[in-house]
Protein chains: 2
Amino acid sequence: MTDPDILGAYRFDRANDPSAGTPLALVRPTTTAEVQTVVRWCAATATPIVTRGTGTSLSGGSTAVDGAVTLSTEKMRNLTVDRATRTAVAQPGLLNAEVKAAAAEQGLWYPPDPSSFEICSIGGNVATNAGGLCCVKYGVTTDYVLGLQVVLADGRALRLGGKQLKDSAGLPLTKLFVGSEGLLGIVTEVTLRLLPPQAPACTVVGSFASVHAASRAVLAVTSQIRPAMLEFMDSVSINAVEDMLSMGLDRSAGALLVAQSDAPGPAGVAEVELIERAFADCGAGEVFSTSDAVESEMFTQARRAAIPAVERLGSLLLEDVGVPLPELPALIDGVAAIAADNKVTISVIAHAGDGNTHPLIVHDPSDVDETARANRAFGQIMDLAIELGGTITGEHGVGRLKRGWLRDQVGDDVMDLTATIKAALDPAGILNPGVLL
Amino acid sequence: MTDPDILGAYRFDRANDPSAGTPLALVRPTTTAEVQTVVRWCAATATPIVTRGTGTSLSGGSTAVDGAVTLSTEKMRNLTVDRATRTAVAQPGLLNAEVKAAAAEQGLWYPPDPSSFEICSIGGNVATNAGGLCCVKYGVTTDYVLGLQVVLADGRALRLGGKQLKDSAGLPLTKLFVGSEGLLGIVTEVTLRLLPPQAPACTVVGSFASVHAASRAVLAVTSQIRPAMLEFMDSVSINAVEDMLSMGLDRSAGALLVAQSDAPGPAGVAEVELIERAFADCGAGEVFSTSDAVESEMFTQARRAAIPAVERLGSLLLEDVGVPLPELPALIDGVAAIAADNKVTISVIAHAGDGNTHPLIVHDPSDVDETARANRAFGQIMDLAIELGGTITGEHGVGRLKRGWLRDQVGDDVMDLTATIKAALDPAGILNPGVLL
């Protein structure tokens with residue numbers, strides 16, 4: 001498809017990179033065989049391919065490239081759930097929420113839950129090894145991928161892994177493709193491990209005078225238990241969410257923590273009490289607990305709404321930096337200093353329980369000076385995370401936006417190895433050019 | 001070290017491959033830098049290297065090769081446990097049990113538990129992506145590896161990942177090395193994720209008239225809950241263990257299932273009742289439940305002792321085949337048929353809850369005809385697992401013994417990709433030659 005109006009709709013993803021190109025053509029295959037046909041044509045003509053799910057990448061992973069075919073997986077939507085093996089076999093274009101819903105219909109649970117789960121594709125989740133809110137206890141996408149079908153850069157289709165829960169036969173190639181951001185092949189089918197349903201969770205919400213107090217409370221919890229969720233919102237995001245949703249959040253709070261325990265029975269009661277005590281000990285002004293599912297979901301939704309809510313204040317540069325947990329207060333303090341230095345608003349929200357934070361740098365793209373300061377802050381925050389022994393991306397992927405910082409994090413030798421593997425699997429470099437390397 | 005007596009002790013691993021070679025030399029480095037020195041010398045002289053932990057490989061992964069240096073990690077034994085990040089940083093020569101014990105001292109838990117956990121090295125666990133008894137609920141080694149230090153075939157040392165729980169920066173190289181059986185690099189340090197301690201478990205033991213009834217009971221449990229353990233022993237192994245340990249197992253049983261639930265409070269009670277009911281419904285003659293830790297450990301020990309106990313009956317060819325759970329009865333029935341056809345004793349023990357079985361083919365190596373029949377059965381069982389959509393190895397690795405069957409399982413294209421990656425990372429093929437490829 002080469003209709004300019006339609007191609008225009010496939011230029012950007014949620015990173016809104018102003019330097020996005022325009023697809024040479026858009027293809028929307030429905031089967032692995034059709035993907036193979038596209039890849040073979042591209043290989044024969046040395047045409048690059050950008051693979052795109054629903055275009056929710058926050059790091060420019062699916063931004064169009066001039067001269068490249070955009071391969072959208074949006075029509076690859078087959079899904080079967082097998083109760084006997086507790087697995088789902090999904091094509092990549094399905095939404096995460098659709099996989100969750102289909103699993104739930106069979107009394108099962110697919111845990112990974114990016115905040116965008118209602119609009120992001122499972123293929124994109126696999127490409128970035130996506131996380132979410134519950135992964136502090138339940139792990140990330142790779143922990144649920146048992147098997148893949150992948151089309152390589154030369155058009156061959158491979159089956160890797162399968163429904164068996166344990167498999168040590170051969171190199172761990174399934175794992176190599178999860179999180180490889182479309183550089184090594186195009187995932188056309190994924191076999192996912194499902195769990196028994198999550199037990200009902202109790203939610204504890206604490207409001208704190210400062211982000212520093214809240215970040216200390218995170219450590220007070222995580223040094224003792226592994227909660228099922230432990231989310232962080234700062235004052236800017238609290239007020240932005242309240243502006244959008246009017247749900248009665250405490251606008252005067254410096255920070256809010258939303259924790260959950262899903263341990264059943266007395267163990268859950270003990271966890272909730274421990275969280276309440278940790279919050280109070282770290283100076284929480286108010287601590288509210290509920291076992292009501294509707295109330296719990298309301299607070300989770302508040303956290304999930306934070307990115308779109310803060311986006312109403314201006315354009316965002318979206319960070320995804322993570323640090324080992326003891327460095328969390330240092331990271332949060334450091335981000336505040338970077339905001340002050342650069343005179344920009346940076347709202348911090350975080351999957352605090354696993355040290356993964358999303359500083360959101362607000363700026364007006366028509367203000368050249370502010371945009372320059374925002375961009376400087378964007379780099380400084382990644383530099384800080386690297387200094388603290390952390391990562392420039394916990395769950396969104398490097399994409400095109402963070403490519404300049406990857407070498408600083410992983411070093412020359414790891415970049416060499418990355419290039420070696422890329423060259424071995426995609427010698428002509430046609431798959432997702434501009435990402436990572 | 002080139003003393004022939006000492007070299008002789010490093011020829012074999014627990015696979016007892018009669019075609020084992022003799023090491024050219026034995027090196028026992030203590031640091032990453034020393035490993036680099038060895039690898040650089042080997043690279044310069046085109047000398048192959050066999051990396052060896054404690055030599056407990058059941059698939060010949062650390063069997064010596066004529067003309068190759070054997071690099072033993074036995075002296076690489078540093079270990080630190082960090083409570084704040086719930087991680088352990090271990091050198092590869094430590095025993096799995098030592099990592100567990102150090103974690104426990106800090107009130108933490110390292111779950112993966114191969115039956116050989118008291119004698120196998122953590123480096124070997126990483127090389128094979130080792131499993132164990134609790135992985136039906138808690139996953140396998142790769143699920144706990146957050147970071148690695150690896151020496152590549154050219155002598156460079158890389159740091160991959162780290163203590164952060166989530167990291168999507170770059171290709172998932174950490175995961176590529178876990179389970180790669182020493183083909184791509186030598187792991188010199190591993191950062192492991194630890195969990196809060198496991199809750200006390202209740203154990204349910206069921207004895208069944210037939211292996212078929214027991215395998216149906218496995219499905220009756222796993223289709224409803226995810227137990228913390230679900231182990232299977234057949235009549236041969238029950239009697240062999242009873243001969244060795246005299247613990248009062250029911251010698252007349254056709255099969256025994258040992259299940260555990262570690263769900264706390266009422267949820268655990270419900271799980272135990274469900275397991276008891278499932279066992280009874282599938283015809284268990286006797287069902288015994290206990291929440292006593294000592295009694296529970298006794299039954300777990302019985303299962304762990306099965307391989308050494310059956311080994312007293314003769315030499316063993318050790319299988320590690322796995323199938324999707326619904327195929328478990330077909331696999332177990334098929335193994336019985338293969339035993340009858342080949343007139344050999346095959347004892348089946350299994351991590352039944354995840355479909356991973358260990359048929360043990362008993363034979364007398366001095367009986368040429370019986371050995372030939374045992375070898376034929378060894379191949380037929382792997383063929384059967386492949387036919388049933390399963391794997392030739394769930395947790396032991398392909399090593400040297402199962403190399404001939406890997407292509408049948410994964411296909412030509414996956415073998416090509418495996419060779420491509422091996423050639424890209426180790427072009428001279430000096431690392432662990434004869435394994436996988």
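Just a few scattered comments:
- Taking the charge dipole of the protein assembly as shown about its Cα centre, with +1 at Lys and Arg Cβ atoms and -1 at Asp and Glu Cβ atoms, the residue from B:162, B:72, B:222 reaching farthest to the positive side is B:72.
- Once the Cβ-Cβ distance of residue A:97 and residue A:364 is raised to the sixth power relative to R0 = 30 Å, the FRET efficiency obtained is 0.35.
- Stokes-Einstein D for region B:203-357, Kirkwood Rh over Cα pairs, 10 °C, 1.306 mPa s (µm²/s): 102 µm²/s
- Summed residue charge, Cβ within 15 Å of residue B:139's Cβ, Lys/Arg positive, Asp/Glu negative: +3
- Dipole magnitude for region A:314-424: computed about the Cα centre from +1 point charges on Lys and Arg Cβ and -1 point charges on Asp and Glu Cβ, it is near 280 debye.
- Reduction of at least 30 Å² in accessible surface, 1.4 Å probe, comparing all protein chains with the chain by itself, residues of region A:343-377: A:354
- Modelled spin labels at residue B:3 and residue B:333, positioned 7 Å past Cα toward Cβ, are 5.7 nm from each other.
- Local net charge near residue B:155, Cβ-Cβ under 12 Å (Lys/Arg +1, Asp/Glu -1): -2
- Trypsin sites (Lys or Arg not before Pro) restricted to region A:168-271 and DSSP loop, no more than 12 other C-beta within 10 Å: A:251
- Taken over region B:17-110, the convex hull of the Cα atoms encloses 100 Å³ per residue.
- Two numbers describe the Cα atoms of region B:79-193: Rg and Dmax, which are 13.2, 40 Å.
- Surface composition of region A:4-72: carbon plus sulfur atoms contribute 57% of the solvent-accessible area (1.4 Å probe, protein chains only, all chains present).
- Ranked by the mean number of other Cβ atoms within 10 Å of their residues, highest first, the peptides A:223-233, B:105-115 come out as A:223-233, B:105-115.
- A 1.4 Å probe run over chain A, with the rest of the protein chains in place, finds 34 Å² accessible per residue.
- Carbon/sulfur fraction of accessible area - region A:160-263, other protein chains in place, 1.4 Å, %: 52 percent
- Simple label model, 7 Å out from Cα along Cβ direction - residue B:297 to residue B:372, nm: 4.9 nm
- The charge dipole of chain A, taken about its Cα centre with unit charges on the Cβ of Lys, Arg, Asp and Glu (plus for the first two, minus for the last two), comes to roughly 1360 debye.
- Per residue of B:409-420, other chain Cβ atoms within 10 Å of the residue Cβ number 5 on average.
- Peptides B:353-364, B:306-317 ordered by average Cβ neighbours within 10 Å, highest first: B:353-364, B:306-317
- Its Cα centre serving as origin, region A:120-213 has a Cβ charge dipole (Lys and Arg +1, Asp and Glu -1) of approximately 240 debye.
- When you filter the trypsin sites (Lys or Arg not before Pro) in region A:334-414 for DSSP loop state and at most 16 other Cβ atoms inside 10 Å of their Cβ, you are left with A:343.
- With R₀ set to 45 Å, the beta-carbon distance separating residue A:16 from residue A:199 gives a calculated FRET efficiency near 0.70.
- Entries of B:100/B:422; A:100/A:422; B:175/B:422 with Cα pairs more than 26 Å apart: B:100/B:422; A:100/A:422
- Tail beyond 13 Å, pair distance distribution of region A:272-332 (Cα, percent): 76 percent
- Two-decimal Rg/Rh across the protein assembly as shown, once Rg and the Kirkwood Rh are taken from alpha-carbon atoms: 0.97
- Summed side-chain charge close to residue B:101 - residues other than residue B:101 whose Cβ falls under 14 Å, Lys, Arg +1, Asp, Glu -1: -2
- Between residue B:242 and residue A:106, the modelled labels are 4.0 nm apart [label points 7 Å from Cα along Cα→Cβ].
- Residue of B:46, B:157, B:127 that the Gaussian network model of chain B assigns the largest fluctuation, springs spanning Cα pairs under 10 Å: B:46
- Residue-averaged [θ]222 nm for the protein assembly as shown, counting only DSSP H segments that reach four residues, each worth -39500 (n - 2.57): -11000 deg cm²/dmol
- Computed on the Cα trace of region A:339-408, the radius of gyration divided by the Kirkwood hydrodynamic radius gives Rg/Rh = 0.96.
- Remark: mean inter-chain Cβ contacts per residue of B:300-311 equal 0, using a 10 Å Cβ-Cβ cutoff to other protein chain atoms.
- Peptides B:17-24, B:117-124, A:162-169 ranked from most to least packed, by the mean per-residue count of other Cβ atoms within 10 Å: A:162-169, B:117-124, B:17-24.
- By the rule of a C-alpha distance below 16 Å, with chain neighbours fewer than 8 residues away ignored, the aspartates and glutamates paired with residue A:137 are A:113, A:231, A:262, A:271, A:354, A:395, B:143, B:167.
- Take the accessible area of chain B alone and of chain A alone, subtract that of the pair, and you get about 5800 Å² summed over both chains, using a 1.4 Å probe.
- When the alpha carbon gyration tensor of region B:280-386 is reduced to an equivalent ellipsoid, its three semi-axes come out at 27, 18, 12 angstrom, largest first.
- Average partner coverage of A:172-184, which counts Cβ from other chains inside 10 Å: 5
- Euclidean distance of C-alpha centroids, region A:170-186 and region A:365-435, integer Å: 19 Å
- Two-decimal log10 I(q)/I(0) for chain B, as the Debye equation yields it once each C-alpha is a single scatterer, q = 0.07 Å⁻¹: -0.34
- Separation of alpha-carbon centers, region B:278-343 and region A:103-165, rounded to whole Å: 32 Å
- Stokes-Einstein translational diffusion, region B:4-72 - Kirkwood Rh over all Cα pairs, 0.890 mPa s, 25 °C, in µm²/s: 204 µm²/s
The values are calculated or read from the model by the stated rules, or taken from the named source; none is laboratory data. As the structure is a computational prediction, the values presented were derived from the model and not from experiment. Heads up, the Cβs are rebuilt from the backbone with ideal geometry, glycines too, and the neighbour counts pull from every protein chain shown. For the accessible areas, the whole protein counts, side chains as well, though only heavy atoms, and no ligand, DNA or RNA atoms are used. Shrake-Rupley method; radii C 1.70, N 1.55, O 1.52, S 1.80 Å.
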